[in-house]
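The values are calculated or read from the model by the stated rules, or taken from the named source; none is laboratory data. This one's a predicted model, so the numbers in the text were calculated from it and none came from an experiment. When we count neighbours, we look across all protein chains shown, and the Cβ atoms used for this are built from the backbone with ideal geometry, even at glycine. Calculation scope for accessible area: heavy atoms of the full protein, side chains included, ligands and nucleic acids excluded. Shrake-Rupley method; radii C 1.70, N 1.55, O 1.52, S 1.80 Å.
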Amino acid sequence: MAGTLSLPGFVNAHSHTFQRALRGRAAGRDFWAWREGMLAEAEKQTSELVRTDYEATYREMRAAGYTAVGEFHYLGVPEAHAAAEAAAAAGIELTLLHVAYARGGIARFRQESVAAYLAEVETLREGGLRVGVAPHSVRACPADWLEAVAAYARAESLPLHVHADEQPREIDECLAEHGCRPVELLARTGCLGELTMVVHATHADGAELDLLASTGATVCACPTTEADLGDGFLPAERIRARAIPLCIGSDSNVRIDPFEELRELEGIARRQTGRRGVFAPEELYRFGGEQGARALGVESWPGIEVDLGHRSLSGVAEGHVRAALLAGCGADVVVS
Ligand SMILES: [Zn+2]
């Protein structure tokens, strides 16, 4: 086959772009050991570095077929503006998920009060950025912060993104502090709704998944990062059975390839169920596109072209191309 196939652009609903620098570095043992290296990298960031390095990584995303990105940002307000400039220069639609961080992490992540956090969000909105709110996690935000951020998001109809159930230790700590699991705490504090995106949900139990389903929240799966960090497997079949909307993110950016994220998602589901085609190809394309865009509050984003003459599509019949892209191609099929 010659020529190209037009597809909607992919939407990368969850990225920490500075973490691209960590790939390949020995940061062994477990998630918590990796996190030490990540915090050291975060400490080094300046507006100038964000402006140049994020543009380079956003260009990689653009070349891989992502044309919109949600930047889950906890490096500070000047750096948020630098990220927005980098995205504009790279030609990728950006939603800046400005992170609320009350405790833990490093000093630059934290605001002194939730009022100070919301003032930062207002500043970014006044500066013309497309913004969502992002209480980092139930580790980083106590219940009163979660309540205040959720109330603001509801009043302003803004996306609310939050990490939850990525690691068992986070669940143990939440049970010890609040007597409930992370997604239950999010429900109790008003954080769950149709504009909510929960990142990971790797270790969510049945009751937590029921809460996500009943409130209309979206789950963002980041399979290549979840593999890299040893997080575990998305409960793909249990999410599918409840019709919880899914989307994808490159998260730590160890890999930047939407086809691979979607293939992993389906691969996890197959390993868990012993069945093939758990998610239909068109469903996977929705996860990779419109459901991510909805979670980012993005209404339009550029399309992409795929090279039908690419060697990885050799011998594929025209009617099988869309499925073959998901089954057997990498992001190098995208025409840059
Ligand atoms: Zn993340």
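Brief remarks on what is shown
- Using alpha-carbon coordinates, inclination of helix 31-44 to the longest axis of the chain, degrees: 80 degrees
- Note on ARG276 and SER157: their simple-model spin labels are 4.5 nm apart, each label 7 Å out from Cα toward Cβ.
- Computed on the chain, with alpha-carbon pairs under 8 angstrom and 6+ residues apart, the relative contact order is 22 percent.
- Other residues lying with their Cβ under 15 Å from the Cβ of GLY190 contribute a combined charge of -3, Lys and Arg counting +1, Asp and Glu -1.
- Segment 133-246 - Rg (one decimal) and Dmax (whole number), Cα, Å: 13.0, 37
- Most to least packed among 44-57, 269-282 [average Cβ atoms within 10 Å]: 44-57, 269-282
- Crossing angle, helix 77-90 versus the chain [Cα axis fit, 0-90 degrees, rounded to tens]: 10 degrees
- When only alpha carbons are used to place a centre, segment 302-335 and segment 98-144 end up 40 Å from one another.
- Rounded, prolate or oblate (a/c below 1.5 giving rounded, otherwise prolate when a/b exceeds b/c) for segment 238-328 by Cα gyration tensor: oblate
- On the beta carbon distance between SER312 and ALA63, with R0 = 25 Å, the FRET formula returns roughly 0.95.
- Axis of helix 258-273 versus longest Cα principal axis of the chain: the two differ by about 80°, to the nearest ten degrees.
- Mean residue ellipticity at 222 nm, helices only, the chain: -12500 deg cm²/dmol; runs of at least 4 DSSP H residues each add -39,500 (n - 2.57), and the sum is divided by the number of residues.
- With the highest mean first, a sort of the peptides 250-263, 186-199 on other beta-carbon atoms found within 10 angstrom per residue produces 250-263, 186-199.
- For segment 1-140: relative contact order, % (alpha-carbon pairs under 8 angstrom, 6 or more apart): 23 percent
- Calculated log₁₀ intensity ratio I(q)/I(0) where the Debye formula runs over C-alpha points of the chain, q = 0.11 Å⁻¹: -0.66
- Rounded to 5, percent antiparallel among DSSP beta bridges of the chain: 20 percent
- P(r) tail fraction, segment 1-100 - alpha-carbon pairs more than 18 Å apart, %: 49 percent
- For the chain, the fraction of 1.4 Å probe accessible surface lying on carbon and sulfur atoms is 49 percent.
- Efficiency of FRET from Cβ geometry, SER6 and GLU177, R₀ 41 Å, rounded to 0.05: 0.25
- A Förster distance of 30 Å, applied to the separation of the beta-carbon atoms of ASP144 and ARG242, puts the FRET efficiency at 0.50.
- Approximate spin-label separation ASP210-GLU126, in nm, with each point projected 7 Å along Cα-to-Cβ: 4.6 nm
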